[in-house]
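A short reminder: the numbers here are calculations on the coordinates, not readings from a lab. Source: prediction; values computed, not measured. Neighbour counts run over all protein chains shown; Cβ positions are idealised from the backbone, glycine included.
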Amino acid sequence: DERRAAGAMTTSTHVGAALIAGCAAGWCLRELWLRDAARREAEAMVRRGVEAAKPEALIAEAQVACFHDREFPVSSSDTALVLIDMQTDFLSKDGRLGKNYSDPRVKQLAATEAKVAALLAAARRAGMTVAHSRSHRYGADVRRDLCVPTIDPTYDLVESCRPRP
């Protein structure tokens, strides 16, 4: 009886070990399959990225010249023009800051305003999104009395760069 019991234990131990080995082998195969699937997906992502980065894949309506004879593609569908602080305060001799500018600085700012106005006109013609922002002089709290041009016209955006409805 002892031999039978020992044989039964040995058989059950072998069966248990075989089950554990089978589970381990299954787990290893699953891991190998998952790693291979991840590798294949990574390779596919690289191929898609390389294809998308080819110049003929870029849908650009214009090219903007950059440094070193490079160009940057621009499309009105995914590009916006953001104008920040084009206010009379900063750009005019009559502004709160502008009244302290030298004559050469005022001329330089007038030339800048003209270039920005031309860029704004081109962006509008191209159908691009245009966003305007202006500085709040007194921190995060907006003083409503400063937002009305008739009360403080220097806070308003310069005429050539105002938003359209």
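So the values come out like this:
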| item | result |
| --- | --- |
| Burial order of peptide ranges 81-91, 113-123 (average beta-carbon count within 10 Å, highest first) | 81-91, 113-123 |
| Length gained when the stretch Thr129-Glu71 is fully extended (0.36 nm per residue, less Cα-Cα span) | 18.8 nm |
| Residues Glu61 and Arg162, FRET efficiency given R0 of 30 Å [Cβ-Cβ distance, rounded to 0.05] | 0.75 |
| Residue-span extension gain [Lys115 to Leu32] - 0.36 nm each, minus C-alpha spacing | 23.9 nm |
| Dipole of segment 78-137, positive direction: furthest Cα of Val130, Leu97, Gln87, with charges on the beta-carbon | Leu97 |
